[in-house]
1. From the set of residues in region A:99-121 that are over 26 Å from B:GLY93 (Cβ atoms) and of a type in the set (Ser, Thr, Tyr), which is nearest to the other protein chains (Cβ to nearest Cβ)?
2. Within region A:122-138, count every residue that is facing chain B (nearest Cβ under 10 Å) and either at pLDDT 95 or above or in a helix (DSSP H, G or I) (or both).
3. Of all residues in region B:48-85 being surrounded by 14 or more Cβ atoms within 10 Å (Cβ to Cβ), more than 20 Å from B:GLU13 (Cβ to Cβ) and within 15 Å of DNA strand D (Cβ to nearest atom), which is farthest from the other protein chains (Cβ to nearest Cβ)?
4. Within region B:53-62, identify whether any single residue is within 12 Å of DNA strand C (Cβ to nearest atom), on the phi > 0 side of the Ramachandran plot, more than 21 Å from the chain's Cα centre (by Cα) and not in a strand (DSSP E or B), and answer yes or no.
5. Restricting attention to region A:25-47, which residues are more than 10 Å from chain B (Cβ to nearest Cβ) and either more than 10 Å from DNA strand C (Cβ to nearest atom) or in contact (Cβ under 8 Å) with a residue 40 or more places away in the chain (or both)?
6. Test of understanding: among B:LEU94, B:LEU126, B:LEU146, which residue is within 29 Å of B:LEU52 (Cα to Cα), more than 16 Å from DNA strand D (Cβ to nearest atom) and under 17 Å from the mean Cα position of the chain (by Cα)?
7. For region A:10-23, name all the residues that are crowded, with 18+ Cβ neighbours inside 10 Å and either away from DNA strand D (no atom under 11 Å from the Cβ) or charged (D, E, K, R) (or both).
8. Would a scan of region B:29-38 turn up a residue that is surrounded by 14 or more Cβ atoms within 10 Å (Cβ to Cβ) and either in a helix (DSSP H, G or I) or away from DNA strand D (no atom under 15 Å from the Cβ) (or both)?
Protein chains: 2
Amino acid sequence: MSLRHALLGLLHEQPASGYDLMQVFNASLQNIWPATQSQVYSELTKLAASGLLTVSAEGPRGRKEYTLTDAGRAELQHWLVEVETDVHPRSEGLLKVFLLGAVSREQATGFLAWLGETADHDVAALEALDASIEWEDEDLHVYGRLVLEFAKRLAAMSREWSDWAVEQINASGGAPGQREQPEPQQPERQPRR
Amino acid sequence: MSLRHALLGLLHEQPASGYDLMQVFNASLQNIWPATQSQVYSELTKLAASGLLTVSAEGPRGRKEYTLTDAGRAELQHWLVEVETDVHPRSEGLLKVFLLGAVSREQATGFLAWLGETADHDVAALEALDASIEWEDEDLHVYGRLVLEFAKRLAAMSREWSDWAVEQINASGGAPGQREQPEPQQPERQPRR
DNA sequence: TATGACATGTAACTAGTTACATGATTCA
DNA sequence: TGAATCATGTAACTAGTTACATGTCATA
């Protein structure tokens, strides 16, 4: 149930509409906590109904601007510091690595290499993002920088790990990874996200 | 829809019952792809109904042993190498960091420090796990080792990042992180998972 | 014989996704 | 005036969680 708290957190800075909040999810939060438009709008409605937000203004085109209430701020702070945090999110990539014994050695190293390339792209994208932001001393920026730094370190680590992993597979015995070989893959293997 | 593929992947090694598979989820996959008992059983039923698995044996206490069919193996391989992989899982921890501007500076560094301690525990636990396994050259072990190594590097990286992050907050200006101070927290802050 | 491990299943719920529907306002 | 953007909403679905219900078998 983190989406509701993400919304409360974003509204801590300043009032915003559902549309505004969607921009934030699509821009800065897409890789941390993606959300769909329908989810954001319905959650805002529920949040307002339960008194954690209020509709503080209505604008053109039916725009509703939401503002955090005291109860909402209290709930946000409670969640931030007192509620248990899940620090081991599901990882589809690692799950695939774990199960790679089911495909040929070539396909396995292919997947690992693809993970490395993806990490490479991430490194570049995060570097560019970092350069594009004028970092000021505001709270949101301070904590946003911490997250960006984490993402950069994660991407760099992933890159190194992937290289190491490919080496490991190439080094580990000459026996094929599989009894039955599946027919060769079509060239386009991993769509980009 | 990765759970179905996780089940197919585990059954690639050898036939197993729902109960057997639950042990694997609770042991080796708990931090990568947790699953509940009810989810595993109902997914196995669906998988068998759609022909990706068959009930290859029935044992005492109604035990049903499932075996991967050719169609199941094909689906598994397809998913592993051809289906798009989500490499940016939702991270509740990073979401909280991003929103930490809503609490006091002390509470923020408290949370960051807790993340560091958690990473510390992880490092120790993973080291112990590594030592406890007799690594042989089998596929599952080879790829399992890759995952374990990733987890170790991630934990070590998180530990260093957390220290750096706490320093950043302490260094960044003397102004309090917040307008209104929430009342001081009760001592037990983050339950252990 | 009773406890614990083995073993499966259902029901009700919450969270998240996809697709569709609708309409207002701005501005080139 | 037509396209892009702003803006909100609903319906149907899939995935995942929590809680409960039921019964068998081994062994201490």
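1. A:SER104
2. At the first step, the residues of region A:122-138 found to be facing chain B (nearest Cβ under 10 Å) are A:122, A:137-138.
Right, trim to either at pLDDT 95 or above or in a helix (DSSP H, G or I) (or both) and you get A:122.
Number satisfying all stated conditions: 1.
3. Going through the qualifying residues, I end up with B:VAL83.
4. yes
5. Residues satisfying the conditions are A:ASN26, A:ALA27, A:GLU43, A:LEU44, A:THR45, A:LYS46, A:LEU47.
6. Numbers: B:LEU94 fails: within 29 Å of B:LEU52 (Cα to Cα); B:LEU126 fails: within 29 Å of B:LEU52 (Cα to Cα).
Going through B:LEU94, B:LEU126, B:LEU146 in turn, the sole match is B:LEU146.
7. Looking only at region A:10-23, we keep the residues that are crowded, with 18+ Cβ neighbours inside 10 Å, and these are A:10-12, A:16-18, A:21.
Result: A:LEU10, A:LEU11, A:HIS12.
8. Applying the first criterion (surrounded by 14 or more Cβ atoms within 10 Å (Cβ to Cβ)) to region B:29-38 yields B:29, B:31-35.
Now narrow it down to the ones that are either in a helix (DSSP H, G or I) or away from DNA strand D (no atom under 15 Å from the Cβ) (or both): none.
No, every residue in region B:29-38 fails to be surrounded by 14 or more Cβ atoms within 10 Å (Cβ to Cβ) and either in a helix (DSSP H, G or I) or away from DNA strand D (no atom under 15 Å from the Cβ) (or both).
The values are calculated or read from the model by the stated rules, or taken from the named source; none is laboratory data. Values in this document were obtained by computation on a predicted structure and should not be read as measured data. Quick reminder, even Gly has a Cβ in these numbers, built from the backbone with ideal geometry, and neighbours come from all protein chains shown.
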